[in-house]
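Just below is one structure, and these are the notes that go with it.
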DNA sequence: GCGACAG
DNA sequence: ATCTTGTCGC
């Protein structure tokens, strides 16, 4: 996928401008509604899905989907410019509006502290948590084999995330605050959303929906 | 120059 | 992310 000249440099400049507005603070109230969002790809289109659950009961309350044309290729560190538009579009449709949003990707565990979770959280103005299946940046050890064990993810001398075992004996998840939450919130909320699978329920369901959309064809999706 | 590199 | 069969482990 081709990009107009200078797009990559402009994207990086925007990240550095937006990161000044990221706020990491402890949630004042326990969330009542939590959502998860993810996207799959079919040609030049991003098939996005988002779902909201009651929290901490995790009863499914709403599901929304969207099909958005992608204008950016995948470039490590610039995922928000590829998936962000579709995710923002679909999350805006959710009812009730979520108090916290889990996104498949990094929060501040990013070269510019602006992973997709931080980026989307800032643009939507809602608390977000990055839930990635693998590492983008940072150094870390290996957490214990039991669910709940964790080690810090350190980047340039700063703790930017947690390498968290969400299930016994499975590869850990890379959790990092996105926006309007702190590290403790991120880890505790993800653990409360762990329901016997590696991925926390909100993100896991969004991922399943996304793959189903792809199987059944993008022609019938909203957006 | 070489290796790393979310989805 | 996506392309892909059988297969090992809980």
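With the condition kept exactly as written, say whether any residue in the range A:1-23 is at pLDDT below 95 and either within 16 Å of DNA strand C (Cβ to nearest atom) or within 19 Å of the chain's Cα centre (by Cα) (or both). Yes, the range A:1-23 contains a residue that is at pLDDT below 95 and either within 16 Å of DNA strand C (Cβ to nearest atom) or within 19 Å of the chain's Cα centre (by Cα) (or both). Right, residue A:25: away from DNA strand B (no atom under 13 Å from the Cβ) and in contact with a strand residue (DSSP E or B) (Cβ under 9 Å, 6 or more places away or on another chain) or not? So residue A:25 fails the test. Only one of the listed residues (A:47, A:101, A:94) is closer than 21 Å to residue A:182 by Cβ, in contact with a strand residue (DSSP E or B) (Cβ under 9 Å, 6 or more places away or on another chain) and not in a helix (DSSP H, G or I). That residue is A:101. If the condition is being under 18 Å from the mean Cα position of the chain (by Cα) and more than 18 Å from residue A:55 (Cα to Cα), then the range A:146-170 contributes A:153, A:160, A:161, A:162, A:163, A:164, A:165. The residue that is surrounded by the most Cβ atoms within 10 Å (Cβ to Cβ), counting only those in the range A:125-145 that are in a loop (DSSP other than H, G, I, E, B) and within 16 Å of DNA strand C (Cβ to nearest atom), is A:136.
Conditions (1) under 14 Å from the mean Cα position of the chain (by Cα); (2) part of a helix (DSSP H, G or I); (3) at negative phi; (4) away from DNA strand C (no atom under 16 Å from the Cβ), marked per residue:
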| residue | (1), (2), (3), (4) |
| --- | --- |
| A:174 | yes, no, yes, no |
| A:191 | no, yes, yes, yes |
| A:204 | yes, yes, yes, no |
| A:211 | no, yes, yes, no |
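Residues being over 15 Å from residue A:210 (Cβ atoms), in contact with a strand residue (DSSP E or B) (Cβ under 6 Å, 6 or more places away or on another chain), buried (at least 19 other Cβ atoms within 10 Å of the Cβ) and modelled with pLDDT of 95 or more are entirely absent from the range A:72-84.
Say whether the condition of being part of a loop (DSSP other than H, G, I, E, B), away from DNA strand B (no atom under 13 Å from the Cβ) and farther than 23 Å from residue A:181 by Cα is met by at least one residue in the range A:59-76. Within the range A:59-76, one or more residues are part of a loop (DSSP other than H, G, I, E, B), away from DNA strand B (no atom under 13 Å from the Cβ) and farther than 23 Å from residue A:181 by Cα.
Checked across the range A:34-43, the condition of being at pLDDT 95 or above, more than 16 Å from DNA strand C (Cβ to nearest atom), surrounded by 21 or more Cβ atoms within 10 Å (Cβ to Cβ) and under 16 Å from residue A:107 (Cβ atoms) holds for at least one residue.
Within the range A:29-43, residues that are within 16 Å of residue A:214 (Cβ to Cβ) and touching a residue at least 24 places away in the same chain (Cβ under 8 Å) have Cβ atoms under 6 Å from residues that are within 13 Å of DNA strand B (Cβ to nearest atom) and assigned to a strand (DSSP E or B) in these pairs: A:37/A:103; A:39/A:46; A:39/A:48; A:40/A:47, counting only partners at least 6 apart in sequence or on another chain.
Taking the criterion of being without any contact (Cβ under 8 Å) to a residue 12 or more places away in the chain, assigned to a strand (DSSP E or B) and out of contact with any strand residue (DSSP E or B) (no Cβ under 7 Å at 6 or more places or on another chain), would at least one residue in the range A:146-157 satisfy it?
Taking every residue of the range A:146-157 in turn, none turns out to be without any contact (Cβ under 8 Å) to a residue 12 or more places away in the chain, assigned to a strand (DSSP E or B) and out of contact with any strand residue (DSSP E or B) (no Cβ under 7 Å at 6 or more places or on another chain).
Restricting A:180, A:191, A:122 to those that are within 14 Å of DNA strand B (Cβ to nearest atom) and either touching a residue at least 24 places away in the same chain (Cβ under 8 Å) or crowded, with 20+ Cβ neighbours inside 10 Å (or both) reduces the list to A:122.
The values are calculated or read from the model by the stated rules, or taken from the named source; none is laboratory data. The shown structure was predicted, so the numbers you read here are calculated from the model rather than taken from an experiment. Quick reminder, even Gly has a Cβ in these numbers, built from the backbone with ideal geometry, and neighbours come from all protein chains shown.
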